[in-house]
Structures are given as C-alpha cells and as structure tokens.
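A.B. asks: Before I ask anything, let me first share the structure, which is written out below as structure tokens.
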Amino acid sequence: MAYTVQKLKDYSPAALDKAAEKLLAALEKEAAEVKTEPDGKAFRDRWVARKNGVLTQINDLWLKAAPKDAKREVGQRVNELMGRVETRVTEVELQCRDLAILKKAREAGLDARIDEARRALELSDRLDITLPGIPRPLGAEHPVIKTMNEIVSVFRNLGYSVQEGPVIETDYYNFEALNFPPNHPARDTQDTLFIANQEATPLRERLLLRTHTSPVQIRTMEKMKPPIRIVIPGKVHRNDPPDASHSPMFHQIEGLAVDTNITFGDLKGTLDHAMKALFGSNVKTSFRPSFFPFTEPSAEMMVTCFICGGGGKRGAEPCRPCKQTGWIEILGCGMVDPNVFEFVKDKGYDPKKISGFAFGMGADRVALLKYGVDDIQLFFQGDVRFLRQFA
Ligand code: DAH
C-alpha cells in the first residue's frame, strides 16, 4: 500500500513524531525503488510538486488544520520534514543522472572497454606458469663483426692474442710514434678528424679519432716485452664523405709479430696461410711495393679474386669486384720500421736485436667482398631486413 498523508487526530509530540517517522520511512522506501530517469521525475512530482505533492499535503492537512495551540509544534516538524524531503529528492535525481551517463557509455561501447580493462587488471594479478612464454627475437652477429671474428680466429689458431685500444687517441700514438713526424706529408693520406679547440695543447697530446688500429702496436709494445704476436680488431674514423665504398667510420684488423729473426718470408708465409684459411685454399697471394711510414719495406698484398676465381670474368660478364683484373687488394703490410722500435726501445725493443712484421686490413671491405654486398652504407643503416640475411 502506497503511503498517503492522513489528517492528524492527536497533536501530542509523541503522535507527531510517529507521523513524521512514517512519512520518512515511506520516503526511503520509494527512493530505493527509483531506477531510471523517468522514475526519478515521478518521485520528485509525488513528493515536492506544488499541486498535491506530499509536502503540500502535510502543509494543508497537518499544519493548516492544526489547532492554534499545536501550530508551533506542528510547524517545526513540517519545516524539518520539508528540508529532509527536498534533500532526498535532489540526491535521487543526481543518482538518476549518473545512471543515465553510465547507460550512454554502455551504448557507446565504452562499457566493454571498461570490462576489458577490469579483466586485464585481474589477470595481471595472477600468474599461470603453464602458459607459453613471450618469445623475444634473438639478435645475431653483425656481418662486419662476424667477419672480424673469423679473421681473428684464423690468427688465434696461429698463436696470436687479441689486443684493443682507445678510439679517441692522441696524436703521439696515432702518428708520431708510428714514424709520422709533425707535418710529414703521409699524415695527409689519413683524413683525420681532430677534437676541436686544442690549439693550446702540445701537438703530441692532442686528441683525435684514431684513423687506423696501428697505434695499438705501440700501446702493446709499451706494456708487453718481445716476443709478441697480436691482432687488433677495432673501429676507426676518417673524414671521408660516405659513398658506396667509403664510410667515416669503419673497422680494421691490425697484426703485429715481433721476435728475433722475423723476416719478410715469415710475413709472406703467415699472410698467405691466413688468406687461404679465410677465402679458400685456391686463392693465391701477391705482393707489390708500397709505402707506410711505420714499415720498411712496405707492401700491398693482393689475393686472387675469390668471386671470379682470378679470371676477371663471370661467364660472359666482366667481374666487377676485381675490376676484371682477377686480383683484389686486401691489405697493407711490411717489416716494422726500426724508427718505430726506437719509441719503445727501453721496453726491450732494440732494433739491433729484434725485428717484426705488421699488417692492417679493412674488415668492412672483406665483409663486402665475402657477402657480395655492393654498398658499405648498408652495414651501418641498421635496417633489420638487410641484417637479418646474415643471421
Ligand atoms: N694503418 C694502415 C692504414 O690504415 C694499414 C697498415 C699498413 C697497417 C701496413 C700495418 C701495416 O700494420 O704494416 O692504412
């Protein structure tokens, strides 16, 4: 039975309290039944409409009808009830508005996303160790590093050990101690990148990006007594504009053997063996005179083209890697110049007692030839579609 406002028969405070209580209980019951916006509107009308709302009724039936001596008491209750009812009506209306917003969100499909987020949160709290893991793609050796490792391992098998040195080097190690005196024209062949603002620093201490791995020859002889046999893989820089065969950053592998009675025959035998191990036992080697300040005599070594086999042609086509000559220039080498030993003489390298050979080759160039890649830039652009082919 819905609540209706009854006339009061008894105006005692206890009876007034009871009537007020009944009204408030009905208010709560009806508020709880409101589910939708239209319900909310009906609820408001029923309780606060000027015409015949419950509040109007208690005003008429309780207050106006009260005898004079009870008016004060009734008036107080009615006032209080009006406040309570209006607050409750506003609350219910707000609640309806929230419900309406939620409904709209549901219609817009947001609701599914809210549910999904909630589920994801719950799942992340749980751990199912029987689920397959998330596979992470494995990296692979870069083709240049792979080539360097291969070259190094050929020499390791001959008893050579590996040495490394800094990429930012001093003028002393990069040039002076390798017998490039200040202002020597051979320095011009090295297109050096210097660190800026060092005019006030003495020349031999000035910093530069090493242009070759040869400075590590000196660094190693300073700390290791002869005999030594070392290879030095590493990064070098030159002020060369990038093109298909040049890069301002590239890689070299240096070699140095120092002992008593090392001869040019040792150099030839060692390098010939190394080239056969790297490119196949069919390759032949050839030497022609050259110049490097730190070796005397100096040579360039050629290997027969392992692309065309030395014939200069691939079928009817001209062989491009060897420019149809059948030979590929692969490294620089020579007998260590006695002037170089002079810089480390007090470390046991007396040029009268010992001798040595050295060589240096470009690892990127070997990788280009080995893999038939026609642009060195591809090695350094980091495009996984290219790099993946070597994995
Ligand atoms: N450092 C030389 C260069 O970068 C290469 C080289 C030539 C290294 C002869 C050597 C050598 O050790 O003996 O051009």
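The values are calculated or read from the model by the stated rules, or taken from the named source; none is laboratory data. This is a predicted model, so every value here is computed, not measured. Every residue, glycine among them, receives a Cβ derived from its backbone with ideal geometry; neighbour counts consider all protein chains shown. Note: accessible area is taken over every heavy atom of the protein model, side chains too, but ligands, DNA and RNA are not part of it. Shrake-Rupley method; radii C 1.70, N 1.55, O 1.52, S 1.80 Å.
A.B. asks: What aspartates and glutamates does Lys71 reach when the alpha-carbon gap must be under 16 Å and sequence neighbours fewer than 8 apart in one chain are set aside?
C.D. replies: Partners within reach: Asp10, Asp17, Asp60, Glu80.
A.B. asks: Rounded if a/c is under 1.5, else prolate if a/b is larger than b/c, else oblate: which is segment 345-391, with a ≥ b ≥ c the root eigenvalues of its Cα gyration tensor?
C.D. replies: Numbers: a/c = 4.92, a/b = 3.59, b/c = 1.37.
Since a/c reaches 1.5 and a/b is larger than b/c, the shape of segment 345-391 is classed as prolate.
A.B. asks: Pull out the extension gain between Arg288 and Ser12, defined as 0.36 nm times the separation in residues minus the alpha carbon to alpha carbon distance; nm, one decimal.
C.D. replies: Values: separation 276, 0.36 × 276 = 99.36 nm, distance 12.94 nm.
Full-extension gain reported as 86.4 nm.
A.B. asks: Cut-off 10 angstrom, C-alpha nodes, Gaussian network model of the chain. Which of Thr147, Thr201, Thr87 fluctuates the most?
C.D. replies: Looking only at Thr147, Thr201, Thr87, the biggest GNM fluctuation is shown by Thr87.
A.B. asks: Separate question: So for segment 13-124, averaging the separation of alpha carbon pairs under 8 Å that are six or more residues apart and normalising by length, what relative contact order in percent results? The partial results should precede the final answer.
C.D. replies: Values: 59 pairs, mean separation 33.7, N = 112.
In percent, rounded to a whole number, it is 30.
A.B. asks: State in Å² the accessible area per residue of segment 1-95; use a 1.4 Å probe, count heavy atoms of protein chains only, and round to the nearest integer.
C.D. replies: On the way: 6320 Å² over 95 residues.
Accessible surface, normalised per residue, equals 66 Å².
A.B. asks: Anyone know which of Gly265, Gly83, Gly159 comes out most mobile in the 10 Å Cα GNM of the chain?
C.D. replies: Per the Cα network of the chain with a 10 Å cutoff, Gly83 tops the list.
A.B. asks: May I have the count of lysine pairs in segment 225-334 with C-alpha atoms under 30 Å apart, counting pairs 8 or more residues apart or located on different chains?
C.D. replies: 16
A.B. asks: Take every DSSP beta bridge with both residues inside the chain and express the antiparallel ones as a percent of the total, to the nearest 5. Walk me through the numbers before you get to the answer.
C.D. replies: Working: 44 of 46 bridges.
Antiparallel: roughly 95 percent of the beta bridges in the chain.
A.B. asks: For Cα pairs less than 8 Å apart in space and 6+ apart in sequence, what is the mean separation divided by the residue count of the chain, i.e. the relative contact order in percent? Each step should come with its number before you reach the end.
C.D. replies: Working: 552 pairs, mean separation 53.4, N = 391.
So the answer I get is 14 percent.
A.B. asks: Computed FRET efficiency, Cβ-Cβ of Leu110 and Glu317, R0 41 Å: what is it to the nearest 0.05?
C.D. replies: FRET efficiency, Leu110 to Glu317: 0.05.
A.B. asks: Something else: For segment 192-207, in order, what is each residue's ³J(HN,Hα) by Karplus, 6.51 cos²θ - 1.76 cosθ + 1.60 with θ = phi - 60°, in whole Hz (x at glycine and Pro)?
C.D. replies: Residue by residue, segment 192-207 yields 7, 9, 8, 6, 6, 6, 10, 4, 7, 7, x, 3, 5, 9, 5, 8 Hz.
A.B. asks: Suppose each label sits 7 Å from its Cα in the direction of the beta carbon; what would the Ile168-Lys352 distance come out to in nanometres?
C.D. replies: 4.2
A.B. asks: What list of ³J(HN,Hα) values in whole Hz, one per residue of segment 237-253 in order, does the Karplus curve 6.51 cos²θ - 1.76 cosθ + 1.60 (θ = phi - 60°) give from phi, with Gly and Pro shown as x?
C.D. replies: Each residue of segment 237-253 in turn: 10, 9, 7, 10, x, x, 8, 4, 10, 10, 9, x, 10, 8, 10, 10, 10 Hz.
A.B. asks: Let me ask you something else. How large is log10 I(q)/I(0) at q = 0.06 Å⁻¹ when the Debye formula is applied to the Cα atoms of the chain, each weighted equally and without solvent?
C.D. replies: Values returned for q = 0.06 Å⁻¹ are -0.49.
A.B. asks: Got a number for carbon plus sulfur as a percent of the chain's accessible area, 1.4 Å probe?
C.D. replies: 53
A.B. asks: Hey, another quick one. Be a star and scan segment 309-348 for residues whose amide nitrogen sits under 19 Å from the point 7 Å along the Cα-to-Cβ vector of Ser245.
C.D. replies: Label zone hits: 309-314, 318-333.
A.B. asks: Still on this model: Nearest 0.05, what FRET efficiency do Asn157 and Glu296 give at R0 = 35 Å with Cβ-Cβ as r? Show your work: numbers first, answer last.
C.D. replies: Values: r = 29 Å, r/R0 = 0.82.
The pair Asn157/Glu296 has a calculated efficiency of 0.75.
A.B. asks: Treat each spin label as a single point 7 Å out from the Cα along the C-beta direction, and report the Leu61 to Glu80 distance in nm.
C.D. replies: Spacing of the two 7 Å Cα→Cβ label points: 2.0 nm.
A.B. asks: Further question on the same structure: With labels modelled as points extended 7 Å from the Cα through the Cβ direction, what inter-label distance (nm, one decimal) is found for Ile145 paired with Val384?
C.D. replies: Modelled inter-label distance: 1.6 nm.
A.B. asks: Could you tell me the relative contact order of segment 283-368? Use alpha-carbon pairs under 8 Å, at least six residues apart, and round to a whole percent. Present the calculation step by step, with values, prior to reporting the outcome.
C.D. replies: Details: 147 pairs, mean separation 22.1, N = 86.
It rounds to 26 percent for segment 283-368.
A.B. asks: Calculate for the chain the 222 nm mean residue ellipticity that helices alone would give, adding -39,500 (n - 2.57) per DSSP H run of length 4 or more and normalising by residue count, nearest 500 deg cm²/dmol.
C.D. replies: The helix-only estimate for the chain comes to -12000 deg cm²/dmol at 222 nm.
A.B. asks: Quick one: length gained pulling Asn197 to Glu33 fully straight, 0.36 nm per residue minus the C-alpha distance? Can you show the working numbers first?
C.D. replies: On the way: separation 164, 0.36 × 164 = 59.04 nm, distance 8.35 nm.
The span from Asn197 to Glu33 would gain 50.7 nm if fully extended.
A.B. asks: Given a Förster radius of 56 Å and the C-beta distance between Ala120 and Lys235 as r, what FRET efficiency does 1/(1 + (r/R0)^6) yield to the nearest 0.05? Present the calculation step by step, with values, prior to reporting the outcome.
C.D. replies: Values: r = 45 Å, r/R0 = 0.81.
Given R0 = 56 Å and the Cβ-Cβ separation, E is 0.80.
A.B. asks: Here is a further query. State the Kirkwood hydrodynamic radius of segment 13-124 in Å, one decimal place, computed from all pairs of distinct Cα atoms. Write down the numbers at each step before the final one.
C.D. replies: On the way: mean 1/r = 0.0605 Å⁻¹.
It is 16.5 Å.
A.B. asks: Next up: Which residue, Leu27, Leu193, Leu267, tops the fluctuation ranking in a GNM of the chain built on C-alpha contacts under 10 Å?
C.D. replies: The residue with the greatest mean-square fluctuation here is Leu27.
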